[in-house]
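Before any comments, here is the structure.
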Amino acid sequence: MGPPYGPGPTAVERAAPGVGGVPYSDGVPPATVTPHDAANGVLRTVFGYDEFRGFQADVIDHVVGGGDAVVLMPTGGGKSLCYQIPSLVGEGTGIVVSPLIALMHDQVDALTTAGVRAGYLNSTQGYDERAATERAYLAGELDLLYLAPERLLSPETLDLLGRGTPALFAIDEAHCVSQWGHDFRPEYLRLAVLHERWPGVPRLALTATATAATHAEIRARLQLPDARDFVASFDRPNIQYRIAPKDNPRAQLLTLLRDEHPGDAGIVYCLTRASVDETAAWLAGQGVDALPYHAGLDRSVRARNQARFAREDGVVMVATIAFGMGIDKPDVRFVAHLDLPKSVEGYYQETGRAGRDGLPATAWLAYGLADVVQQRRLIEMSEGDEQHKRRLAQHLDAMLALCETVGCRRQQLLSYFGEGSAPCGNCDTCLNPPSSYDGTVPAQKLLSTVVRLDQRGQRYGVGHVVDVLRGKTTERVRSLGHAELSTFGIGADLSDGEWRAVVRQLVAARLLGVEPEHSTLHLTPDSAAVLRGEREVRLRHDAAAAGRSRRAGPKPAKATADLPAADADLFERLRAWRAGVAREAGLPAYVVFHDATLREVATRRPTTLDELAGIGGVGTAKLDRYGAGVLGVVTGEAVAKDDDGVDPS
Ligand code: ADP
Ligand code: ZN
């Protein structure tokens, strides 16, 4: 898409005549237009939404009034409007600092498609394009300018900004200032310079990372002592959280994709580059449109895969956690983890990339004993002092507690971020409550077996220990003489799978240790209390391990699951139309219209441009550009329906 700069009415002038000194078309000013009214006008006309969400309006009022703000909102909460609208209603240009160069292009495309004068400056541009953007900025023809921090901080750029009019500074992904987080960007530490240079220009720091520690770091390091905090609930009610015992993870994943998310876009996270490559290839072999993404791939391959994921419908990205920050794609319908995340923070950020559009989405994780062993080994091998390792271990323990809970997953997640809530009704444990039982006796049987082997100076992995418990006279049991142990066969009442679930849960709770190198079991300092009967052990029954048939499984989270067939059909036609339009314009499909918008079109079936304008996400610019196309698809559908029905003659 060509540069949108130049004279002509700005988006806000169309939205709220009289703002910014533009004459009213009929020469008569209406009652005074307050910035608040102007913001409402922009929301409706430019973005096509009826109401602000949560505290968006408060942030906007505060910033338009000159205040600084720290905005903590979950992914998909609607942070962008908090700085985009103040940039549109005021004089000057909103300067947006974003760490992800690769995504600026799409962000700016999305804005220009909505009729906003936006540009970016980064290293991917040629000289001419950059010069045009700089000229537009200096001429006051840009409402929003996106920059990476390193570019912003260069003396030339600071000088350029000084020659124009910054309206505000929005520091996106503000958690990048945190040295403890995995997204740390040293340049973020230098962003305090903005305040020194432009003390009167409001600043907003925005992030979806919720912990109190990160929050405090943002305020301190970006020098925002007087900023007002806006902290939203971090609940993502449309995401269904599910954590399954790992059995045959690929088959489990494929079932999820085929049964619940055929043709949907999604992300599959794997721990290692090798497993990313293998999983992507395997899925592709199963007919899934899957692509790999990790830091070891050629830069151009990465860029191409990311672009396909963003631009097309229904691509599944198999990736390490190197992928995802700043991905704005609103219609990611599932995020699957084939390996255990290192922390609840990481898990919540990664799963948060699902369902930004508010439509149903799935967060699915497969987890097993090997994951615990692997993560503990990684911590053991990690560089850093004991304190650092202890912190990593605490993060992992919180993640394991989430995996093993019999309570509501969402409740536990939110309480981890300091938020109270009731059981949610939309997670696996709410939908299909696992039972828990007093596992003290099985735990004692298991620990005693481990003790007895250890007394002989021998340590074994889970397979052999379970064989002894179940009284199996395997070759190994025979040759080692383990049938003579007093615990031989005392665990015949549980199946292999059930014993493995017991082992996993004891290891997760640190009541049983696993030697990282050879995966052999040993006691921990906490085991003794269990053996002495001083500590009760509650365990959960894994539905799968116990071999019980699943009760009513979680309902599929497909975006069209609750649409009547005819509407779902129209929705698919609209998506096909959108794919064509997007391809022709070289835009990501969601930039044309979000799924949520097409869904509303499919159910409300507008037949006039006026009716179409009333649908969420349809602003003036998009109505002009795409209105006729959408109505064509809808009425084409209507005609087809008449043909099927009663003869109209
Ligand atoms: P975040 O940056 O917080 O992850 P975005 O700003 O990308 O979230 O917004 C998430 C989605 O919600 C986008 O699709 C956006 O268009 C939509 N959205 C934001 N504000 C509103 C609103 N007031 N009404 C309807 N949809 C909104
Ligand atoms: Zn729940």
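The values are calculated or read from the model by the stated rules, or taken from the named source; none is laboratory data. In this text the structure is predicted, and so the values were computed from the model without any measurement. Ideal geometry is used to build each Cβ from the backbone, glycine not excepted, and the neighbour counts take in all protein chains shown.
Quick notes on this one:
- Selected residue (criterion: surrounded by the fewest Cβ atoms within 10 Å (Cβ to Cβ)) from residues of the range 327-361 that are β-branched (V, I, T) and in contact with a strand residue (DSSP E or B) (Cβ under 8 Å, 6 or more places away or on another chain): V335
- Residue that is nearest to ligand 2 (Cβ to nearest atom) [pool: residues in the range 256-266 that are assigned to a helix (DSSP H, G or I) and farther than 21 Å from C430 by Cα]: L257
- Scanning the range 279-301 finds one or more residues that are under 18 Å from the mean Cα position of the chain (by Cα), closer than 29 Å to A174 by Cβ, in the same structural domain as N426 (by TED's automatic domain parsing) and not in a loop (DSSP other than H, G, I, E, B).
- Restricting the range 580-609 to residues that are more than 16 Å from ligand 1 (Cβ to nearest atom) and polar (S, T, N, Q) leaves a set whose member that is farthest from L570 (Cα to Cα) is T608.
- Yes/no for Q84 being polar (S, T, N, Q), crowded, with 22+ Cβ neighbours inside 10 Å, touching a residue at least 24 places away in the same chain (Cβ under 8 Å) and under 17 Å from G616 (Cα atoms): no
- Evaluated against (1) farther than 28 Å from A265 by Cα; (2) touching a residue at least 12 places away in the same chain (Cβ under 8 Å), Q394 falls short on exactly one condition, (2).
- Residue satisfying all of: in the range 501-516; farther than 18 Å from A528 by Cβ and part of a loop (DSSP other than H, G, I, E, B); modelled with the lowest pLDDT among these: P516
- Qualifying residues in the range 56-73 (those that are closer than 25 Å to G355 by Cα and surrounded by fewer than 23 Cβ atoms within 10 Å (Cβ to Cβ)) - the one nearest to ligand 1 (Cβ to nearest atom): A57
- For the range 87-103, the set of residues classified as within 14 Å of ligand 1 (Cβ to nearest atom), over 16 Å from T207 (Cα atoms) and surrounded by fewer than 23 Cβ atoms within 10 Å (Cβ to Cβ) consists of L103 only.
- Screening G324 on (1) crowded, with 19+ Cβ neighbours inside 10 Å; (2) free of Cβ contacts under 8 Å to residues at least 12 places away in the same chain; (3) on the phi > 0 side of the Ramachandran plot shows it passes everything except condition (2).
- Per this entry, G407 is counted among residues that are under 21 Å from K246 (Cα atoms), within 16 Å of ligand 2 (Cβ to nearest atom) and either modelled with pLDDT of 90 or more or of a type outside the set (D, E, K, R) (or both).
- Near pairs, Cβ below 9 angstrom, 6+ apart or cross-chain, from the range 427-453 (more than 17 Å from C403 (Cα to Cα)) to any residue that is among the polar types (S, T, N, Q) and surrounded by fewer than 18 Cβ atoms within 10 Å (Cβ to Cβ): S448/S486; R452/S486
- Residue ranges of strands (runs of 3 or more DSSP E) in the range 91-150 with at least 3 members more than 27 Å from the chain's Cα centre (by Cα), aromatic (F, W, Y) and at pLDDT 95 or above: none
- Residue-level analysis places G497 outside the set of residues that are surrounded by fewer than 22 Cβ atoms within 10 Å (Cβ to Cβ) and in a loop (DSSP other than H, G, I, E, B).
- Selection count, the range 29-55, where residues are part of a helix (DSSP H, G or I), away from ligand 1 (no atom under 11 Å from the Cβ) and without any contact (Cβ under 8 Å) to a residue 40 or more places away in the chain: 3
- Restricting the range 438-476 to residues that are assigned to a helix (DSSP H, G or I), among the small types (G, A, S) and buried (at least 16 other Cβ atoms within 10 Å of the Cβ), the residue that is farthest from ligand 2 (Cβ to nearest atom): S448
- Restricting the range 411-429 to residues that are out of contact with any helix residue (DSSP H, G or I) (no Cβ under 8 Å at 6 or more places or on another chain) and part of a helix (DSSP H, G or I), the residue that is nearest to ligand 2 (Cβ to nearest atom): Q411
- Failed criterion for S435 (all others in (1) away from ligand 2 (no atom under 15 Å from the Cβ); (2) more than 25 Å from V530 (Cα to Cα) hold): (2)
- Matching option when the condition is in contact (Cβ under 8 Å) with a residue 40 or more places away in the chain and assigned by TED's automatic domain parsing to the domain that holds V33, among A131, A69: A69
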